[in-house]
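The values are calculated or read from the model by the stated rules, or taken from the named source; none is laboratory data. This one's a predicted model, so the numbers in the text were calculated from it and none came from an experiment. Glycine gets a Cβ as well: all are built from the backbone with ideal geometry, and neighbour counts include every protein chain shown. These area figures cover heavy atoms from the full protein model, side chains too; ligands, DNA and RNA do not enter into them. Shrake-Rupley method; radii C 1.70, N 1.55, O 1.52, S 1.80 Å.
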Amino acid sequence: MTRRHLIPVAAINFDTRVRTLIDDIRPEWDESVKATHHQNYANLIAALCVELGAVDFQRKLQDFKAIGALPFSIISYHNDFLNQSRNAFVQGFYYPALTAASALGERILNHLVLDLREHYKHKTTYSKVANRSSFDNWQRAINVLTDWNVLLPEAATAFRKLEPIRLRSLHFSKSTYVQLREDALQAIQLLGNVVETQFSAIGRQPWFIEGTAGACFIKSDWEQNPFVSTYYLPSCPLVGVNYAYSNENGKWRLFDYRKHGDEIISDEEFCRRFNERDASLLAPTMMPPEDHIVCVEWQRRTSPQ
C-alpha cells in the first residue's frame, strides 16, 4: 500500500496564543521582526481583553499564561470540556475549574475502558471491567489500561498524580480552601499532559511515522490497534505523498489522486518519498476537482460534532 493515514490540520485542536504571550523578544532579532512581534503582542492583548473581559484583566491575563498552551491534540470528546475548565480558571472560578478537570479525568478513563474493552476479552484483566457501566476506581482503570498497552507511560503517570487532587477536591478536605488555585492549576496542567500525550496530533508517539517533515502519519502496523483505530482513524484520511491542502475562510480542503497503484511500501519508504516529493506533482487544488482527484472538506473547529 502506498497510502497512509494523515492527521489533517482541521482535526487538530490547538491555540498558540499562550506561546505568543511568553515568547520573549531576542536581542539578535532584526528591528523589523521585533516591531512585528510588538504589534502582534499588542493585538493579542486587545483581543484577549475583549474575549476575557476588562474587569480584573491583569489577573485574568496572568492566569491565562499560567495554564499554558492548549494541548496540541486530535479533536475528540474531551476538548470542549477541557476548554471549559481552562476558561473557568482564567475567569477566577477556581473551584469549578478544579472539579471540572477532575471529573473530565475520570470521564476520559471511562471512555477508554468502555470504548476499547471488547477488543481485550482475551486479557485476564478484562474480567475486572467486563460488567461495569462506569468506573470511579482510578487505580483499577489505570492498571487495566496499562495492562492492555493502551495508556502511554506519561499519561498513566499524569492520571496517578491527578487522582489524589480529585479525591481531596470532590470529597471533604479543608486543605481545598487554602490551595484552591494551586490545585486547580495543577489539575488542569496534569489533564493537559494526559490529552497532549495520549491524544497527540504530532510527536514521538509509537503510532506515528518518524521523520515526516511538516505532517504526521499513522504507521501501517498500528492501523489495527484498537486505540488508534477508535480515536485516530475516523478523522484521518488515507493519502498518498502528493496530496495538497487549500484553506478558504476557515474551510480546509484536502486534495489527492484517486489512484495510487498496488505497490506495497514500508513506512520508511513512505517517509522518504514524502520528504522528497516534487511540488509540481502535488494534486491540483482547483474547485470543482477534476475526475481523477478526490476532495475532502472540513470546517475548522476546536471540538467534535
| field | Filtered residues of the stretch 128-156 (kept if open to solvent by 90 Å² or more (accessible area, probe 1.4 Å), closer than 13 Å to Arg117 by Cα and either of a type in the set (Phe, Trp, Tyr) or outside any loop (DSSP other than H, G, I, E, B) (or both)) | value | Lys128
| message | Anything in the stretch 1-26 that is touching a His at 6+ places or on another chain (Cβ under 8 Å), over 28 Å from His37 (Cα atoms) and open to solvent by less than 60 Å² (accessible area, probe 1.4 Å)? List them, or say none. | response | Thr2
| request: May I ask you to list pairs of residues, at least six apart or on different chains, whose Cβ atoms are under 6 Å apart, with the first in the stretch 120-145 being within 18 Å of Ala156 (Cα to Cα) and the second being assigned to a loop (DSSP other than H, G, I, E, B) and at pLDDT below 95? | output: Ala141/Phe135; Val144/Val129
| So Ser229 clears everything in (1) under 30 Å from Asp80 (Cα atoms); (2) assigned to a helix (DSSP H, G or I); (3) over 20 Å from the mean Cα position of the chain (by Cα) except one condition, right? Which one? | (3)
| query | Pick from the stretch 191-208 the residues that are assigned to a loop (DSSP other than H, G, I, E, B) and open to solvent by 10 Å² or more (accessible area, probe 1.4 Å): which of them is nearest to Pro164 (Cα to Cα)? | reply | Gln205
| note | Of the residues in the stretch 209-226, those that are of a type in the set (S, T, N, Q), assigned to a loop (DSSP other than H, G, I, E, B) and either open to solvent by less than 50 Å² (accessible area, probe 1.4 Å) or under 19 Å from Glu269 (Cα atoms) (or both) number 2
| query | Which residue pairs have Cβ atoms closer than 8 Å, lie 6 or more positions apart in sequence or on different chains, and pair a first residue in the stretch 55-76 that is touching a residue at least 24 places away in the same chain (Cβ under 8 Å) and over 9 Å from Val18 (Cα atoms) with a second residue that is of a type in the set (Asp, Glu) and in a helix (DSSP H, G or I)? | reply | Pro71/Glu196; Phe72/Glu196; Ser73/Glu196
